[in-house]
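The values are calculated or read from the model by the stated rules, or taken from the named source; none is laboratory data. Model, not experiment: these values are computed from the prediction. Reconstructed Cβ throughout: ideal geometry from the backbone, glycine too, with neighbour counts over all protein chains shown. Each accessible area value is taken on the protein alone, full model and side chains, heavy atoms only, with ligands, DNA and RNA left out. Shrake-Rupley method; radii C 1.70, N 1.55, O 1.52, S 1.80 Å.
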Amino acid sequence: MRNKQRSTLKKIIVAGKIVGFVLLLTALFAACKQKPQKVVKEQSKAYYTCSMHPQVHEDHDGNCPICGMKLIRVELTGANAGTVDDKIKLTASQIQLAGIQTDTIREENVGTEKILTGTVAADENKAGELSARIGGRIQQLFIRTIGEKIAAGQPVYSIYSEEIQEAEKEYLLARQQQKVLNNPDVDYAQLINAAESKLQLWGITKAQIKRLASSGKVSSTIVIQSRAGGTVSEIAVHEGDYVTEGMTILKIQALGSLWVEAQLYAAESGAVKAGDPVSVSFPDLGGQVIKGNVEFVNPELSDASKIDLVRISIPNQQGIIRPGMLANIALASGLKHALAVPASAILTDGKGSKVWLRNHDGSFSARMVQIGPGNQSYNSIISGLIAGDVVVTNGAYLLNSEAIFKNGNDQMGGMTM
């Protein structure tokens, strides 16, 4: 009986070893079949490109080899930047450096246009002049460069004037008499106000008069401050010059709004009137388009050439437009309104036309469009866009270049209108 139990126990041990060996072989076989998992490591990618020539891609900072402008850095890291679901995301600094601008799709005039060539000029209605209010000798000029910006209240020059010194003495004497004598028959307040008004008339500020009263000392020179802000267009004096009352010290221009002046033949001038809206583009700014209005049409023709002067007023809040720049003025000669996209927003290649849209989350994505008739400023839209869509009007080539860099030339593959 005991031998039989031992035999059974040996059989169980052998069977267990066989089962264990089979399980080990199965595990090894499965391990051999299992493919190694790839370790995905988020890598930071960046390149440098030019806002004017987006085809330039460099791996280091520097200047554009074509135009010499400083290259901008485009950094793409994981899902924070770059293309995500066919979208391009840029930081605020990248958008600013690339000069990306947008416009909202709406109905515009897509009729025929006449293009005039004009020149940017300062708005003379916004011009100012700082002149001497009293005679004297210019001791020091604080503004020395044409084109320099000055603000209201900024020191312009210091002047030595015996008349100002005498007026300061009168003012201090009236205050001293009021304090010491206090004669009830004398109106000291009127004397003080008269002396103070004379100083203000000669360009002395209330703060300077207050300091004069506190110190009780007459100064040999007085600093004259600017009464308005703007950009210096002319400096008419030098240090050491003697000036008389009314003589021009300097002239300033407020460049927040400008004029664009162009010439029109007499036969064509009848179609243009003051208040007409126009589109003005600037070759020096990459064809940037700004809305303006006809402000003035000269009622008199030039005797020699029989041409007419047309003046357009344009805003310049950012200060990027400068007097002397060339401009192209688009005058509408046929009114035909339709849903339209700015011509500068359309990119066309062998596969068709597309625009870049700004999405609600701040990213950008491309969309195929079918365009219709238009002019130099706008093209009508047959399909692909709706009113209210926001399209990129400046910088679309940079976005397109980045999309090609990430996805290859076929980033529009499978896209339908």
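Provide the gained length on full extension for the span V180 to A387, in nm with one decimal, where the gain is 0.36 nm per separating residue minus the Cα-Cα distance. Mind dumping the intermediate values first?
Values: separation 207, 0.36 × 207 = 74.52 nm, distance 7.83 nm.
So the extension gain works out to 66.7 nm.
Amide H contacts under 5 Å for T112: S333, G334, restricted to partners 5 or more places along the chain or on a different chain, H placed in the peptide plane at 1.01 Å from N. With Cα atoms as the point set, the stretch 316-398 shows a radius of gyration and Dmax of 14.7, 41 Å. Counting 0.36 nm for each residue step from Q370 to A207 and taking away their Cα separation leaves a gain of 52.2 nm. Pairwise alpha-carbon distances in the stretch 176-268 exceed 21 Å for 59% of all pairs. Available extension along the chain between Y265 and T119 is 50.9 nm, counting 0.36 nm per residue and deducting the alpha carbon span. Once backbone amide H atoms are built at 1.01 Å from N, C64 has M69, K70, L71 as its partners under 5 Å, excluding neighbours fewer than 5 places away on the same chain. The alpha-carbon atoms of the stretch 194-321, seen along their principal axes, cover 70, 35, 30 angstrom, with the largest extent given first. Measuring nothing but protein heavy atoms, the accessible surface of the stretch 272-401 at 1.4 Å probe radius is 53 percent carbon and sulfur. A Förster distance of 51 Å, applied to the separation of the beta-carbon atoms of Y160 and F296, puts the FRET efficiency at 0.70.
Rolling a 1.4 Å probe over the protein heavy atoms gives the stretch 239-353 an accessible area of 53 Å² per residue.
Amide H to amide H distances under 5 Å link R133 with G246, where only residues 5 or more positions off or on other chains count and H is placed in the peptide plane.
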